[in-house]
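The values are calculated or read from the model by the stated rules, or taken from the named source; none is laboratory data. Just so it is clear, the model here is predicted, and its values are computed rather than measured. Counting neighbours? That spans all protein chains shown, and the Cβs are built from the backbone with ideal geometry, glycine included. When the accessible area is computed, the model is the full protein with side chains, heavy atoms only, and any ligands, DNA or RNA have been set aside. Shrake-Rupley method; radii C 1.70, N 1.55, O 1.52, S 1.80 Å.
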Amino acid sequence: MRLLARHAIRLLGQENGRGGAATAIRLKATTGSLKLATASAPALEQPAEKQVQRKYSPLTDTFGRHHTYLRISLTERCNLRCDYCMPAEGVPLQPKQNLLTTEEILRLARIFVEQGVRKIRLTGGEPTVRRDIVEIVAQMKALPQLEQVGITTNGLVLTRLLPSLQRAGLDSLNISLDTLKRDRFEKITRRKGWERVIAGIDLAVQLGYTPKVNCVLMRDFNEDEICDFVEFTKDRPVDVRFIEYMPFSGNKWHTERLISYKDTLQAIRERWPDFQALPNGPNDTSKAYAVPGFKGQVGFITSMTEHFCGTCNRLRLTADGNIKVCLFGNKEFSLRDAMRREDITEEQLVDFIGAAVQRKKRQHAGMLNLSQMENRPMILIGG
């Protein structure tokens, strides 16, 4: 680790042209964020070979995990108020100047892709409230080497936006839906619009997508709909994914509301004994299953009871420009502050990203510890 620290400091040094001094960019740890700090340091010359070819991958952490998937939050705003995502009183939104501009989002996307990211998912808040969402998708699809652009959306405006997003090149979409009952939808989201979400799912299928339908299971709320969601896959080529209830600031998480993957699986097999496992990819977060003969499938995202940290290949970029190397981590790194420095080079931005990735831990702290840790509300992280 000492060699790693010296390597990061050496790579982050830059000459300022005054008496051979340099301004070193350091990662200063604070609760909830890591900010830029400057300090005078002797000039450091890089070996010639480093000027020609980088000797390390900035997206590979100390445990050998290579990060090829970036989730970018486009906004902190949302047109729903889901109670597990946002506190009932809402969240204070940051002033516009604190958020990444479209140009900054696209620049960072390009940098990450050049370093090895192959999939970008646009999140929020609710990404479709961005007026330029279609243009952002189109410009990201124009990036060489980027293989896939997706969005995670609540589906409220898909019937209006999805045809344009498809023409822009959108490859995939995840749609959040926690109930198949209209009254429950209004209770959990504190808004109307259930019919529009269902219509958006059906339109996605008509346009040739296989949408993922994300359902957060919570005891005493929607556990009686588990089999209804499985039935939803009978005639629709959709991937319903049951997500274990996760702790974030303001969502009043407690273990009694958590429905485990194994309990959910047992409930399904009581009705469909032949409910069978399907193959999974090496970086999949969802355990795939299906009822034989059904058009769609079911997945389980088991973040709490059976974490998948060992194969995690994801990084997150918040709307205000912080990189989060772990969804549950409360240490962040401000790429916005770094990028807005007049004297920073693009190579130093890459090295700053690499230094952040090097701080990623082997695994998250576990659900009981996570519930005691300060973290952003989910809406301010990006789903």
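Things to note:
- Inspection of segment 156-178 finds no residue satisfying the criterion of being more than 24 Å from ILE301 (Cβ to Cβ), of a type in the set (Asp, Glu) and in contact (Cβ under 8 Å) with a residue 12 or more places away in the chain.
For (1) among the hydroxyl-bearing types (Ser, Thr, Tyr); (2) crowded, with 22+ Cβ neighbours inside 10 Å; (3) at pLDDT 85 or above; (4) not in a loop (DSSP other than H, G, I, E, B), each residue gets a yes or a no:
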| position | (1), (2), (3), (4) |
| --- | --- |
| GLU347 | no, no, yes, yes |
| ASP351 | no, yes, yes, yes |
| ALA356 | no, yes, yes, yes |
| GLN363 | no, no, no, no |
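- Odd one out for VAL157 among (1) farther than 16 Å from ILE198 by Cβ; (2) over 20 Å from the mean Cα position of the chain (by Cα): (1)
- Segment 192-217: number of residues that are closer than 18 Å to LEU80 by Cα, of a type in the set (Val, Ile, Thr) and outside any strand (DSSP E or B): 3
- Yes/no for LYS324 being more than 14 Å from the chain's Cα centre (by Cα) and of a type in the set (D, E, K, R): no
- Residue check, PHE232 modelled with pLDDT of 95 or more, of a type outside the set (A, V, I, L, M) and touching a Phe, Trp or Tyr at 6+ places or on another chain (Cβ under 7 Å): no
- Single unsatisfied condition, LEU161 versus (1) open to solvent by less than 30 Å² (accessible area, probe 1.4 Å); (2) in a loop (DSSP other than H, G, I, E, B): (2)
- With respect to the conditions (1) surrounded by fewer than 22 Cβ atoms within 10 Å (Cβ to Cβ); (2) farther than 30 Å from ALA338 by Cβ, PRO95 falls short on a single one, namely (2).
- Hey, ASP220 without any contact (Cβ under 8 Å) to a residue 40 or more places away in the chain, out of contact with any Ser or Thr (no Cβ under 8 Å at 6 or more places or on another chain) and either assigned to a loop (DSSP other than H, G, I, E, B) or open to solvent by less than 30 Å² (accessible area, probe 1.4 Å) (or both) or not: yes
- For segment 271-293, taking the residues that are open to solvent by 50 Å² or more (accessible area, probe 1.4 Å) and more than 30 Å from GLY64 (Cβ to Cβ), the one that is nearest to the chain's Cα centre (by Cα) is identified as GLN276.
- Residue selected from segment 164-207 under the condition of a type outside the set (A, V, I, L, M) and closer than 13 Å to ARG236 by Cβ, by the criterion most open to solvent (accessible area, probe 1.4 Å): GLN206
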